[in-house]
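Just below is one structure, and these are the notes that go with it.
The values are calculated or read from the model by the stated rules, or taken from the named source; none is laboratory data. Because the structure is a prediction, the values reported are computed rather than measured. Every residue, glycine among them, receives a Cβ derived from its backbone with ideal geometry; neighbour counts consider all protein chains shown. Side chains are part of the model used for accessible areas, which takes the heavy atoms of the whole protein and leaves out ligands, DNA and RNA. Shrake-Rupley method; radii C 1.70, N 1.55, O 1.52, S 1.80 Å.
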Amino acid sequence: MPAYILPPYNGFSHEERVATNPIQRDALRRGLIVRPERCSICGFSDPSDPTGRGYLFLHLEDYRHPLEFYGVCKSCHAALHARFRDPARWLRVVRRHGQSGRWFTLLSDDPESQTLPFDQTYPHGLPGEWDVWPLPAAPIDP
């Protein structure tokens with residue numbers, strides 16, 4: 001039994017979540033993906049220390065697609081996963097670094113979303129790492 005069981009996230013179980021790690025490691029080793037050099041939330045980068053201070057997580061929101069990840073620094077990654085129990089911490093990160101339509105600004109902070117299927121919480125998915133989705137047009141009054 002593992003020392004730590006990951007809680008559900010976007011409807012994915014501990015087993016489903018950890019099953020992506022060897023897939024990502026193999027893809028990195030084979031050159032199918034490249035480890036990010038910059039946090040897609042705050043822009044932090046320390047390529048001189050990629051395994052220490054400059055380590056970037058290959059963060060997933062949809063564990064069905066382990067190679068479609070977001071590069072996220074340690075600090076932002078911790079705040080992102082703490083958003084359900086400490087939403088104020090996460091909102092500070094979003095306010096400081098967020099641009100409307102960026103993937104991380106669209107994340108749910110509803111604790112129920114941890115157990116709901118990804119497609120139910122995000123029926124349109126999420127934008128790519130550096131993409132910005134346009135905001136819906138404001139309705140025009142007749």
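Computed about the Cα centre, the dipole magnitude for segment 12-142 is approximately 580 debye when only Lys and Arg (+1) and Asp and Glu (-1) carry charge, each at its Cβ.
Relative contact order of segment 26-107: 22 percent, from C-alpha pairs under 8 Å at least 6 residues apart in sequence.
Counting only GluC sites (Glu not before Pro) that DSSP places in a loop and that have at most 16 other Cβ atoms within 10 Å, the longest clean stretch of the chain runs over 69-142. So what is the diffusion coefficient of the chain in µm² per second by Stokes-Einstein at 10 °C and 1.306 mPa s, using a Kirkwood Rh over Cα pairs? Translational diffusion coefficient: 97 µm²/s.
Based on protein heavy atoms only, the chain ends up with 61 Å² per residue of surface accessible to a 1.4 Å probe. Between I23 and S108, the contour length at 0.36 nm per residue exceeds the Cα-Cα span by 28.0 nm. Just the protein heavy atoms count here, and of the accessible area of the chain at 1.4 Å, carbon and sulfur take up 55 percent. With the charge dipole of segment 25-82 set up from +1 on Lys and Arg Cβ and -1 on Asp and Glu Cβ about the Cα centre, the Cα lying farthest toward the positive end among the listed residues H77, I33, L60 is that of I33. Multiplying the residue separation of D119 and R92 by 0.36 nm and subtracting their alpha-carbon distance yields 7.1 nm.
Expressed in Å, the radius of gyration and Dmax of the Cα atoms of segment 1-64 are 13.5, 37. Here the extension length gained between E16 and R85 equals 22.6 nm, from 0.36 nm per residue of separation less the Cα-Cα distance. Remark: accessible surface ordering of V72, V132, V93, V34 (largest first) is V34, V132, V93, V72, probe radius 1.4 Å.
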